[in-house]
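Written below as structure tokens is the structure these notes are about.
No value in this document is a laboratory result; all are computed from the given coordinates. Just so you know, these numbers come straight off a predicted model, no measurement behind them.
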């Protein structure tokens, strides 16, 4: 597999009165696989329950974080909260904070439809979106620039000394944005980052590490869409 060659990276740091820089550790996770994932439906701001495989993934993720410390944040969408609850039940000291800013990108009127159904209703709209995802939107949906605004707002809210280790349970598109921001990558790289349901990214200082949810350390690079 080919991996993205990362530049010299800048850690996401807090600045306390201009003189304190404290590196944080971020664990970036995706929710367990859902019924709509299996059907190939774009979930967006709608929801579907965790599939049986997704429940197993959530249980495995809970074991992964059973001995970790920090604070647990989740998208407010049900599939992410359901996954995060498995972790919280195993390790309640983490707490559980649901945040709307971690929601998946909205496909607007097309949430819940498959790509084939969307193409039938709006021929060419998927290619149009991918031509410039930072400015283009599905009808009444969001762009990647909208996600950037949400992602920046969320990370800025963590800009306090008492928060040092953060576990995030969210979705592929918003996770792409978070990784791009944390690693100070060009925003155009976001769309190329892949985040399967069974992979966890850890960002610590200048290093990004990639793990399977069973704890297997894969490598210290990002998985890119072209590698799959």
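Here are some notes:
- With Cα atoms, 0 to 90° folded angle of helix 144-157 axis to the chain main axis: 20
- Principal axis box of the stretch 33-162, alpha-carbon based, largest edge first, Å: 49, 36, 18
- The chain: calculated mean residue ellipticity at 222 nm from DSSP helix runs of at least 4, using -39500 (n - 2.57): -9000 deg cm²/dmol
- Cα convex hull, the stretch 98-228: 131 Å³ per residue, rounded to a whole number.
- Tilt relative to the chain, helix 52-64 - C-alpha long axis, 0 to 90 degrees, to 10: 10
- Extension gain from residue 63 to residue 159, taking 0.36 nm per residue of separation minus the Cα-Cα distance: 31.8 nm
- Compactness of the chain as Cα Rg over 2.2 N^0.38 Å, two decimals: 0.99
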